[in-house]
Amino acid sequence: MVMVNHQESGDVPMMMCLGAYFGLAHNTTWIMDEMFRWTPFGVPSQWHNDFFSKEGNKEVVIKRIKKHFTTTYFERGLKWLIFYPEGGYLRNRGERARNWAAKNNLPVLYNCCLPRTTAFIALVQSFRGEVTEVPEQVEDIIDVTLMYKGPRDLCLTDIMRGSYQNTEVYANYRTFKIADLPKEESDLQTWLYDRYQEKEDMIGRFKENGQFTEGGSFTQVHQSTGRLLGSLIFWYITAFFVYDFYKTMFGHLLSLANGFL
């Protein structure tokens with residue numbers, strides 16, 4: 001399970017690029033908020049059998065996770081999951097997350113958002129076989145911290161307009177064994193909060209001196225121009241068809257409404 005901080009909308013294509021570079025794109029399930037189901041990104045995600053997460057009762061979340069991962073994820077032989085525990089971009093959720101954290105005596109973060117924990121806990125328990133019977137366990141959590149060096153964090157409109165020439169993307173990752181994580185739910189929650197406090201400090205250090213860790217080094221990843229161009233063409237076409245579908249449906253609804261008036 002790949003756990004990523006969510007700075008901006010550009011995080012998604014950046015993780016897609018990393019997945020394509022390491023040959024994981026065809027073997028990945030994305031976990032995203034239910035609100036994205038009918039967006040240009042969400043429609044092909046449904047074809048891909050990605051998982052749409054809803055905040056709510058823990059038992060309901062566990063039931064949906066069990067159904068999806070026993071009938072889709074393991075059945076298709078998929079190996080990777082990409083998951084944003086914050087549930088939204090820092091730009092959109094930052095202030096609300098800080099207010100909620102302050103009211104509940106939790107860490108107040110400025111470089112990332114305090115994560116939501118219900119889905120994370122349900123996933124960890126499921127993959128350890130505590131609440132579901134799964135044919136194969138997910139053994140590791142890869143904790144990825146994204147950071148942008150440039151005028152601002154990268155968003156989808158920057159990518160679509162090609163206005164990101166002065167932006168560099170950096171990713172730091174660490175691996176944790178799921179079997180080594182705490183057993184109690186309250187301890188799992190604390191464990192996740194601690195990881196995001198570390199992300200907060202790591203991003204702050206990067207902003208100050210350009211390094212994630214003291215004396216750290218980087219490996220540069222080069223992307224295929226043809227692959228990137230093909231991805232852009234695909235998303236432009238998808239966005240057009242989704243827009244045309246909604247436009248047609250809205251036109252039909254207006255015609256029906258006018259017929260009743």
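Net charge around Tyr173, counting only other residues with Cβ within less than 15 Å of its Cβ (Lys, Arg = +1; Asp, Glu = -1)?
Local net charge: 0.
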At 0.36 nm per residue, minus the direct Cα-Cα distance, what do Ile142 and Glu198 gain on full extension? Give it in nm, one decimal, please. 18.7 nm
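Compute the accessible area per residue over the chain, keeping the other protein chains in place, probe 1.4 Å, unit Å².
Working: 14950 Å² over 261 residues.
Ligands and nucleic acids excluded, the figure is 57 Å² per residue.
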Checked against the positive end of the charge dipole of the chain (+1 on Cβ of Lys and Arg, -1 on Cβ of Asp and Glu, about the Cα centre), the farthest of Tyr84, Pro182, Ser45 is Ser45
Give me the percent of the accessible area of the chain that comes from carbon and sulfur atoms, probe 1.4 Å, all protein chains in place. 56 percent
Antiparallel %, DSSP beta bridges [both residues in the chain], to 5: 45 percent
Say R0 is 30 Å: what FRET efficiency, to the nearest 0.05, do Lys79 and Asn209 get from their beta-carbon distance? 0.25
What are the residues whose amide H is under 5 Å from the amide H of Asp33, where those residues sit 5 or more places off or on another chain and H is modelled from the backbone? Ser53
What is the spread of the Cα atoms of the chain along each of their three principal axes, largest first, in whole Å? 63, 47, 41
What list of ³J(HN,Hα) couplings, whole Hz, do you get for the range 85-95 from phi and the Karplus terms 6.51, -1.76, 1.60, once you set θ to phi - 60° and write x for glycine and proline? x, 5, x, x, 6, 4, 4, 8, 9, x, 5
Fully extended, how many nm does the chain gain between Ala179 and Lys149 (0.36 nm per residue separation, minus their Cα-Cα distance)? 7.3 nm
Under the Karplus curve 6.51 cos²θ - 1.76 cosθ + 1.60, θ = phi - 60°, whole-Hz ³J(HN,Hα) for the range 204-213, x wherever Gly or Pro sits: x, 5, 5, 5, 7, 10, x, 10, 6, 10
With springs connecting C-alpha atoms under 10 Å apart, model the chain as a Gaussian network and identify which of Met160, Met147, Met202 has the largest mean-square fluctuation. Met160
Below 8 Å between Cα atoms, with a sequence gap of 6+, how large is the relative contact order for the range 67-120 in percent? 35 percent
Taking the alpha-carbon distance from Lys103 and a cut-off under 23 Å, which lysines remain once sequence neighbours fewer than 8 residues away in the same chain are dropped? Lys58, Lys199
Show the residues, 5+ positions off or on another chain, whose built amide H is closer than 5 Å to the amide H of Gly210. none
Fluctuation leader among Trp100, Trp47, Trp80 - the chain, Gaussian network, Cα springs under 10 angstrom: Trp47
With springs connecting C-alpha atoms under 10 Å apart, model the chain as a Gaussian network and identify which of Thr29, Thr145, Thr39 has the largest mean-square fluctuation. Thr39
Sequence gap at least 6, Cα distance under 8 Å: using those rules, report the relative contact order of the chain to the nearest whole percent. 23 percent
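The values are calculated or read from the model by the stated rules, or taken from the named source; none is laboratory data. Not measured: the values here are computed from a predicted model. Note that we place each Cβ from the backbone using ideal geometry, even for glycine, and neighbour counts take in every protein chain shown. To get the accessible areas, we keep the full protein, side chains included, count just its heavy atoms, and leave off ligands, DNA and RNA. Shrake-Rupley method; radii C 1.70, N 1.55, O 1.52, S 1.80 Å.
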